[in-house]
Amino acid sequence: MATLTPEATELEEPEEHGAEGGGLWSWITTVDHKRIGLMYGGTAMLFFLIGGIEALFIRLQLAVPDATVLTEAQYNQLFTMHGTTMVFLVIMPLAAAFGNYLLPLMIGARDVAFPRMNAMSFWVFLFGGIFLSSSFFLGGFPDGGWFGYAPLSTQSEMIRMDFWALGLLILGIASLAGAINFTTTIFTMRAPGMSMFKMPVFVWMQLVVAFLLLFSLPVITVALFEVLFDRNFGTLFFDPAAGGDPILYQHLFWLFGHPEVYILILPSMGIVSEVLPVFSRKPLFGYQFVVFAGAAIALLGFGVWSHHMFTSGLGPVAESAFSLTTMFIAVPTGIKIFNWIGTTWGGKISLKTPMLFSLGFIAMFTIGGLSGVTHAVVPADTQQTDTYYVVAHFHYVLFGGAMFGIFAGIYYWWPKISGRYLSEPLGKWHFWLMLIGFNLTFAPQHWLGLQGMARRTAVYPPDIGLETLNMVSTIGAFTIAVSMLPFLYAMLVNSRTGAPAPADAWDGRTLEWSISSPPPHHNFHDVPTVEAIDDFWHQKYGEDDEGRAVRVKTFPEPSRYTDKYIHLPSPSYYPIMLAGGLVLMAYGFIFAPLGIPLFVIGALILFGGAFGWAQEDPDHPMGDHDDHHAEPDDGSEPDETAEEAAGDEVEDPTAALADGVVADGGDDA
């Protein structure tokens with residue numbers, strides 16, 4: 001069973017997260033997965049603000065016919081950056097934030113497999129996002145669409161699309177490092193007894209997403225390099241006059257792009273699969289079906305890319321094949337939806353904010369899925385292509401689906417992260433305003449698309465009957481913006497002054513609820529042993545003669561401190577060095593030949609950081625780091641030194657973890 005600390009305290013005022021070591025430098029050099037998760041989430045939320053402002057300008061331009069809020073060139077830049085920001089700088093890193101913070105807690109580990117690689121992944125993401133957004137001040141935002149179709153993306157003499165291609169390559173490095181880290185952590189650091197089919201569904205979905213990234217990122221990397229080479233070195237990959245093929249780019253992009261849809265949505269599916277059982281007071285209906293459906297979605301996702309290309313002249317055989325695969329992928333998606341409904345059916349439902357967002361996710365994602373199935377019908381898809389029907393469809397999937405799920409996760413796990421509940425009244429205002437605003441914005445766009453309104457067009461004439469629905473859509477967009485105000489207030493004010501939350505804030509089912517809130521720096525005083533799915537729940541509850549859950553055990557409030565000496569990964573500044581050097585090289589490349597000195601400086605910093613990383617002393621890479629070890633709660637000396645602990649003979653890695661020893665630095669040295 002999952003082992004809880006024997007020490008207990010009364011419910012105390014929660015300490016500020018990161019109290020193990022304060023100051024800016026401690027955050028810059030941290031390798032703690034929890035801090036990295038918080039930095040991922042905070043940074044992604046800032047980009048969410050930027051992406052939202054871009055969307056509001058787009059809707060202002062389209063509110064009335066022949067508007068002049070933006071020029072056509074500015075409109076092209078804003079819709080390109082809005083899509084790029086929301087996909088690569090908001091939803092993907094928010095999923096990574098949840099994975100970083102929660103994945104080790106949910107599998108009973110003290111950190112991820114490669115702590116310094118984890119830190120590097122964040123800094124590369126941060127600097128890559130800054131690099132991409134800085135193009136606004138250096139010639140203008142990219143303007144070739146978030147998809148960067150060639151030859152449009154290769155013919156412009158402006159450097160805007162160089163920023164786009166290089167920026168995505170940098171962000172791909174961050175995603176690839178995270179995928180390798182998550183995969184290794186899940187396969188090698190699960191608590192004793194936690195077999196694959198005892199893992200929480202959220203962990204399963206993170207694993208599926210990691211494999212999707214590992215297999216799809218190389219494809220888009222090839223396409224982006226070809227764009228850069230066509231633009232800067234005179235190659236002709238996508239020039240038909242020289243024997244190139246612009247359709248090749250579409251194949252490469254969408255062979256990545258459609259798995260990317262599931263990279264964005266599967267983490268939210270995992271979040272909802274954790275929230276629904278807790279607030280329905282029932283186990284997840286059909287756990288293994290939900291897991292296999294997630295894996296099937298990922299597998300089939302590599303076989304549907306060409307439904308984005310039905311108007312590109314593929315021919316009837318290819319169109320028929322991809323039409324069928326597009327229909328097939330709806331089957332595992334439908335399995336998940338029915339399993340979620342089955343989880344709530346007959347349950348004792350509590351409509352707290354996390355549950356509201358989860359139910360909203362199911363409803364909005366179902367609408368998006370149904371409109372997506374229409375794209376499997378080639379004649380219908382031909383009519384819908386490049387219209388606002390498609391815009392409505394993917395926003396129902398990626399905002400109504402992914403973002404609703406992410407907000408469910410924020411409200412659900414924030415008591416664990418901060419030790420305080422977020423305000424329920426503010427949360428419900430947030431949910432209802434966002435739900436209403438979302439449907440006002442995107443439901444009319446289905447009709448606009450069917451009436452022929454083309455996407456990626458800055459103006460439309462006043463005499464074709466599109467004014468009313470466009471105005472409704474714009475009002476809805478500003479309603480979404482207003483809905484963020486109670487959320488921001490709750491996060492900035494209420495999260496510091498709200499009611500203290502106990503360790504088991506929602507009567508949860510998974511291991512993270514068995515430890516204090518906020519979690520100890522070392523996560524677990526004793527590495528738990530798992531005997532069943534939802535092991536923590538089964539420790540608390542048994543069944544009566546009629547099969548109803550009956551409380552059989554109540555745990556005392558766990559302490560954040562222990563009298564054991566636990567060796568933790570040490571801080572390092574080399575991850576930020578590598579990331580900084582990489583981005584300086586990108587700026588130097590953009591502005592060559594004047595930027596060659598900057599490229600050289602960046603290369604020196606990058607290779608210096610890599611060399612220092614390789615040579616770093618795994619025990620004391622930055623000198624004294626005692627404050628990064630778990631200290632005794634009574635002020636006494638630790639029972640044994642790190643060297644003595646490391647010298648203990650163990651038979652396997654899980655035994656080392658159980659003895660409270662975590663190798664620091666050597667894991668990714």
- [ ] Taking the chain as the reference, fit the longest principal axis to its C-alpha atoms, fit the long axis of helix 160-188 to the helix C-alpha atoms, and give the angle between the two in degrees, 0 to 90, nearest 10.
- [x] 30 degrees
Open item on the list: Could you give each residue of segment 24-35 its phi-based ³J(HN,Hα) in whole Hz, using Karplus coefficients 6.51, -1.76, 1.60 with θ = phi - 60°, and x for Gly or Pro?
Closed with: 4, 4, 5, 6, 5, 9, 5, 10, 5, 4, 6, 5
Open item on the list: Leaving out ligands, DNA and RNA, and with a 1.4 Å probe, what % of the accessible surface on the chain is carbon or sulfur?
Closed with: 68 percent
Task: Full-stretch length increase - L450, F211 - with 0.36 nm per residue and alpha-carbon distance subtracted - done: 82.4 nm
TODO: Specify whether the C-alpha gyration tensor of segment 168-226 places it in the rounded, prolate or oblate class, a ≥ b ≥ c being the square roots of the eigenvalues: rounded for a/c under 1.5, otherwise prolate if a/b is larger than b/c and oblate if not.
DONE: prolate
Task: Length released on extending from E531 to I28, taking residue separation times 0.36 nm less the Cα-Cα span - done: 177.2 nm
Open item on the list: If you filter segment 545-578 for trypsin sites (Lys or Arg not before Pro), then keep DSSP loop positions with at most 12 other Cβ within 10 Å, what is left?
Closed with: R548, K553
Open item on the list: How large is the accessible surface of E546 in square angstrom, using a 1.4 angstrom probe and rounding to the nearest 10?
Closed with: 140 Å²
Open item on the list: Given a 1.4 angstrom probe, what's the average accessible area per residue across the chain, in square angstrom?
Closed with: 39 Å²
Task: 5 angstrom amide H check on T387, placed H, neighbours 5+ away - done: R455
- [ ] Report the local net charge at R551: Lys and Arg +1, Asp and Glu -1, summed over other residues whose C-beta lies under 10 Å from its C-beta.
- [x] +1
- [ ] Assign one of three labels to segment 328-388, namely rounded, prolate or oblate, based on the Cα gyration tensor with a ≥ b ≥ c the square roots of its eigenvalues; rounded applies when a/c is under 1.5, prolate when it is not and a/b is larger than b/c, and oblate otherwise.
- [x] oblate
TODO: Assuming a ≥ b ≥ c are the square roots of the Cα gyration tensor eigenvalues, decide whether segment 255-302 counts as rounded (a/c under 1.5), prolate (otherwise, with a/b larger than b/c) or oblate.
DONE: oblate
Open item on the list: Relative to 2.2 N^0.38 Å, what does the C-alpha radius of gyration of the chain come to as a ratio? Two decimals please.
Closed with: 0.97
Open item on the list: Taking 41 Å as R0, compute the FRET efficiency from the Cβ-Cβ separation of Q615 and Y149 and round it to 0.05.
Closed with: 0.35
TODO: Starting at the first residue of segment 332-340, write each ³J(HN,Hα) from the Karplus equation 6.51 cos²θ - 1.76 cosθ + 1.60 with θ = phi - 60°, in whole Hz, x for Gly and Pro.
DONE: x, 5, x, 4, 4, 4, 5, 5, 5
Open item on the list: I want to check the label-to-label distance for A318 and F197. Put each point 7 Å from Cα in the C-beta direction and report it in nm to one decimal.
Closed with: 4.0 nm
TODO: Hey, can you grab everything whose amide H is under 5 Å from the amide H of A113? Only 5+ residues off in sequence or another chain; H modelled, so Pro and N-termini drop out.
DONE: T185
Task: 5 angstrom amide H check on H567, placed H, neighbours 5+ away - done: V662
Task: ³J(HN,Hα) computed for each position of segment 516-530 - Karplus, 6.51 cos²θ - 1.76 cosθ + 1.60, integer Hz, glycine/proline x - done: 5, 10, x, x, x, 4, 9, 6, 10, 5, 10, 4, x, 10, 9
Task: Theoretical FRET efficiency, 1/(1+(r/R0)^6), r = Cβ-Cβ of A603 and F555, R0 60 Å, to 0.05 - done: 0.65
Open item on the list: Please compute the length gained on full extension between Q288 and V482, using 0.36 nm multiplied by the number of residues separating them and subtracting their Cα-Cα distance.
Closed with: 65.9 nm
- [ ] Sticking with the crude label model, points 7 Å out along Cα→Cβ, report the distance from T497 to L236 in nm, one decimal please.
- [x] 6.8 nm
Open item on the list: Can you compute the helix-only [θ] at 222 nm over the chain? Use -39500 (n - 2.57) per DSSP H run of at least 4 residues, normalise by all residues, nearest 500 deg cm²/dmol.
Closed with: -19000 deg cm²/dmol
Open item on the list: Take the residue pairs K34/K348; K198/K428; K34/K540; K336/K553 and return only those whose Cα atoms are more than 29 Å apart.
Closed with: K34/K348; K198/K428; K336/K553
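The values are calculated or read from the model by the stated rules, or taken from the named source; none is laboratory data. Just so we're clear, the structure is a prediction, and the values are computed from it rather than from any experiment. Because the Cβ atoms are built from the backbone with ideal geometry, glycine has one as well, and the counts that use them run over all protein chains shown. Quick note on the areas: whole protein, heavy atoms, side chains included, nothing else; ligands and nucleic acids left out. Shrake-Rupley method; radii C 1.70, N 1.55, O 1.52, S 1.80 Å.
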